[in-house]
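Read through the structure below, which is laid out as structure tokens, and then see the notes.
The values are calculated or read from the model by the stated rules, or taken from the named source; none is laboratory data. If you're wondering where the values come from, they're calculated on a predicted model, not measured in any experiment. Cβ sites come from the backbone with ideal geometry, for glycine too, and all protein chains shown count toward neighbours.
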Amino acid sequence: LNLAEKKVLFPCYCCIEAVSPFLDSNLCFYDVELPGFHIPIDELIDKISHEQISAIVVIDYFGQVESRLPELYEACKEYNVVLIEDCAQSLLSNGVGNFCHVATASLRKLMPCPDGGAFKINATDLKPIFKSVKMKRGVVNDIAALLIIIIDVLHLEELNLNRGLFEKIFPFLKRMKQKTRSVMKPSHFCERMLTRVNPDVICTARRERWLFWKDQLKTLDVKFAMPTLADNACPLGFPILFGSKNIRDNILKFMSKRGIHLKVHWPVPNFIPSGFTTPLKMADRSVTLPVFPELSWAKMKHISNLLKEVLNKVV
Ligand SMILES: Cc1ncc(COP(=O)(O)O)c(C=O)c1O
């Protein structure tokens, strides 16, 4: 793709995992608007018609697919720019991965899979490149997947163990991964799960929980970072913004003391240029409320009551 010479346009609001494959490229960041996480389609189209761009990456934030993506895709085709859609958060939304050259997805965020990723390649000239990639069965994946399942079953997720930490605790995992140096097949556990899940059931459960948060929080002093749920969207979570970092941090602490460990999407990767407000706002002032199907309505109500209680105290 000539990534080192020509520019790669990447959204300023991103996590380190999403951007890390591009760190050796000539990266240029573009702004993402709040609320709604809108992508500046006109600005991107203008850029690709005037500058040397090899690829544009777009992220479908919290399950939402940018409605003007087809326009950007048409322009990318015209100017020979590869459009990559990161569907890590939108895998189960309807119509994802249709208006791009290559779509990538992570299974574990929306499906009960411990690992695994997916590609969709729409550009016929890129298909042979991907077909030539040999996938190996890696025992390291099965070991890591088993650890993830154990953590899940024992409800140890509160310890916030992630793969990086695993690899620190069990350095042999990292060594094995580095040794393999090839694309690995997903674990046996992941393959098995994929034959059993019903995406429609997951999607309905997530949408119901998203609507619950919207209804419960509408009278509180919080802003919705993603105020609407499109008909085709299967949400990853319900991101909200508080008035200040101090309020947000107090709320995180209050909830954590009561066994509720809310996520923040995301800390700002340190190479994002200053001047973009969305990544900072999200890192400092947001939390993402969970919408995963296993979360019972009683627990949702409990979290909602706690949020109301703490907001009355700290705001
Ligand atoms: C938008 C986005 N892209 C890519 C990734 C990487 O996914 P994984 O860590 O499952 O490979 C993430 C993970 O948080 C993400 O949120």
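Looking at I260, is it closer than 26 Å to E309 by Cα, in a strand (DSSP E or B) and free of Cβ contacts under 8 Å to residues at least 60 places away in the same chain? Explain how you work it out, then say what you get.
Values: closer than 26 Å to E309 by Cα: yes; in a strand (DSSP E or B): no; free of Cβ contacts under 8 Å to residues at least 60 places away in the same chain: yes.
Spelling it out, it is not the case that I260 is closer than 26 Å to E309 by Cα, in a strand (DSSP E or B) and free of Cβ contacts under 8 Å to residues at least 60 places away in the same chain.
Residues in the range 243-266 that are at pLDDT below 95 and closer than 18 Å to F62 by Cα: L262, K263.
Looking at E33, E74, E17, which is the one that is away from the ligand (no atom under 16 Å from the Cβ), out of contact with any Asp or Glu (no Cβ under 9 Å at 6 or more places or on another chain) and under 23 Å from G237 (Cα atoms)? Steps first, answer last, please.
On the way: E74 fails: under 23 Å from G237 (Cα atoms); E17 fails: away from the ligand (no atom under 16 Å from the Cβ).
Step by step, each of E33, E74, E17 is checked, and only E33 is away from the ligand (no atom under 16 Å from the Cβ), out of contact with any Asp or Glu (no Cβ under 9 Å at 6 or more places or on another chain) and under 23 Å from G237 (Cα atoms).
Can you spot a residue in the range 296-311 that is of a type outside the set (S, T, Y), over 20 Å from A18 (Cα atoms), assigned to a loop (DSSP other than H, G, I, E, B) and outside the structural domain of L92 (by TED's automatic domain parsing)? No, the conditions are met nowhere in the range 296-311.
Among the candidates S25, S67, S20, the residue that is without any contact (Cβ under 8 Å) to a residue 12 or more places away in the chain and polar (S, T, N, Q) is uniquely S20. The criterion of at least 3 residues that are over 30 Å from K77 (Cα atoms) and either modelled with pLDDT under 80 or among the aromatic types (F, W, Y) (or both) is met by the following helices (runs of 4 or more DSSP H) wholly inside the range 112-191: 139-153, 163-169, 171-180.
When the range 213-234 is examined, which residues are found to be assigned to a helix (DSSP H, G or I), under 22 Å from the mean Cα position of the chain (by Cα) and surrounded by fewer than 18 Cβ atoms within 10 Å (Cβ to Cβ)? Quick ask: steps written out before the conclusion?
Restricting attention to the range 213-234, the residues satisfying the condition of being assigned to a helix (DSSP H, G or I) are 213-217.
Now restrict to residues that are under 22 Å from the mean Cα position of the chain (by Cα): 213-214.
Passing the criteria: only K214.
Checked against (1) crowded, with 17+ Cβ neighbours inside 10 Å; (2) part of a loop (DSSP other than H, G, I, E, B), P273 meets all criteria but (1).
In the range 50-71, what residues are at negative phi and within 16 Å of the ligand (Cβ to nearest atom)?
First pass over the range 50-71, keeping only residues at negative phi: 50-61, 64-71.
Passing the criteria: A55, I56, V57, V58, I59, D60, Y61, Q64, V65, E66, L69.
Of all residues in the range 94-129 being in contact (Cβ under 8 Å) with a residue 40 or more places away in the chain and more than 13 Å from the ligand (Cβ to nearest atom), which is surrounded by the most Cβ atoms within 10 Å (Cβ to Cβ)? Going through the qualifying residues, I end up with C100.
Among residues that are among the hydroxyl-bearing types (S, T, Y) and more than 10 Å from the ligand (Cβ to nearest atom), S90 is not included.
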